[in-house]
Amino acid sequence: MDTNRSGVVVRRGRPAGPRTIGLVCAVAAAGALLSGCGSSGSDTSSPQKSAAPSRAVPATAASPSGSLNADQAQRKALVPKAKVGYGQALKAAIAAVPSSEAIAAELKGTPASPYWDTVVATTDGTAYSVRVDAASGKAQKPQPQSDDPDDKQELAARLGKATVTAQQAAQTATEKTKGTVTTIELGDADHGNDTVAWTVGVVTTDDWNETTYEIDATNRKVLWMNVDQD
């Protein structure tokens, strides 16, 4: 773990994942979007630091042999097949659930059948998972998630705090690392303190690495970043 000149915590290796609670964990348990409550298309564990990187993070050089590890090879096979980006997928999901807001999206599937696993929620904390075809952009029927009152209350509070949209958070991440957004999720910041944050994963198509950013959902400041080199 290092700190760059702007004071942003930089991690190496696999990202620790966002500290989501309540409803998102229930979604994961139901097998909807996020596996294990810990994991996080271009349309565009650390203390909080106030400044974002001053310039884009350079892509990590490929291995001397030019070979790809399993994660890189999987991204190389899947990402180009997604003709529909995260933004279009979220729009389709929101259209399927009136008066909802986007809270998560993840590119999944196989190169032959890529799809976006999305989650949207209404202001009262009622969440729905919506699968969106990453080739056609067609949304399937929304699936309602947890009815637990505490889960809904926590999610409603999180939505009330977040003034930064998914698209704005993704824009902040891709301004730092040029690439394709493959995951985005609203949750509690890794350092706590009742801060709400977006976790955004960006894949660079020159080396197929993934850089993950945690972005404050109230001011778009980068709280930490992680480069997955495993």
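The values are calculated or read from the model by the stated rules, or taken from the named source; none is laboratory data. Worth saying up front: this structure is predicted, and the values here are computed from it rather than measured. Don't worry about glycine lacking a Cβ; one is built from the backbone with ideal geometry, like all the others, and counts go over all protein chains shown. Protein only, heavy atoms only, side chains kept; ligands, DNA and RNA dropped before computing areas. Shrake-Rupley method; radii C 1.70, N 1.55, O 1.52, S 1.80 Å.
Accessible surface ranking for Ile103, Ile94, 1.4 angstrom probe, highest first: Ile94, Ile103.
Could the peptides 216-226, 151-161 be put in order, highest first, of the mean number of other beta-carbon atoms found within 10 Å of their residues?
Numbers: 216-226: 21.1, 151-161: 18.6.
Most protected by this proxy first, the peptides run 216-226, 151-161.
In terms of the Cα gyration tensor, with a ≥ b ≥ c the square roots of its eigenvalues, is the range 132-222 rounded because a/c is under 1.5, prolate because a/b exceeds b/c, or oblate? Intermediate results must be reported in sequence, preceding the final value.
On the way: a/c = 2.37, a/b = 1.21, b/c = 1.96.
Taking the square roots of the gyration eigenvalues as a ≥ b ≥ c, the range 132-222 is oblate.
Work out the P(r) tail for the range 69-130: percent of alpha carbon pairs separated by more than 13 Å, whole number.
Values: 1138 of 1891 pairs.
Distances greater than 13 Å cover 60 percent of the Cα pairs.
Database remark: amide H of Glu101 closer than 5 angstrom to the amide H of Ala121, Thr122 (H placed geometrically; neighbours at sequence offset of 5 or more, or on other chains; Pro and chain starts carry no H). Accessible surface computed residue by residue for the range 71-230, with neighbouring protein chains in place and a 1.4 Å probe, gives 39 Å² per residue.
Across the range 121-136, rounded Karplus estimates of 3J(HN,Hα) from the backbone phi angles (6.51 cos²θ - 1.76 cosθ + 1.60, θ = phi - 60°) give 8, 8, 5, 7, x, 7, 10, 9, 8, 9, 8, 10, 4, 7, 9, 9 Hz, Gly and Pro being marked x.
Quick check: net charge around Pro144, other residues with Cβ under 14 Å of its Cβ, Lys/Arg +1 and Asp/Glu -1?
Working: positive: Arg131, Lys141, Lys152; negative: Asp124, Asp147, Asp148, Asp151.
Spelling it out: positives minus negatives among the neighbours equals -1.
Coupling constants for the range 86-94 follow from the phi torsions by the Karplus curve (6.51 cos²θ - 1.76 cosθ + 1.60, θ = phi - 60°), and in residue order they are 4, x, 5, 5, 5, 4, 5, 5, 5 Hz; glycine and proline get x.
Converting phi to 3J(HN,Hα) with the Karplus coefficients 6.51, -1.76 and 1.60 and the offset θ = phi - 60°, the range 148-162 yields 4, x, 5, 4, 5, 5, 5, 5, 4, 5, 5, 5, x, 7, 6 Hz in sequence order, with x at every glycine or proline. Given Cα positions, please report Rg to Rh for the range 105-169, the hydrodynamic radius being the Kirkwood one. Result for the range 105-169 is an Rg/Rh of 1.05.
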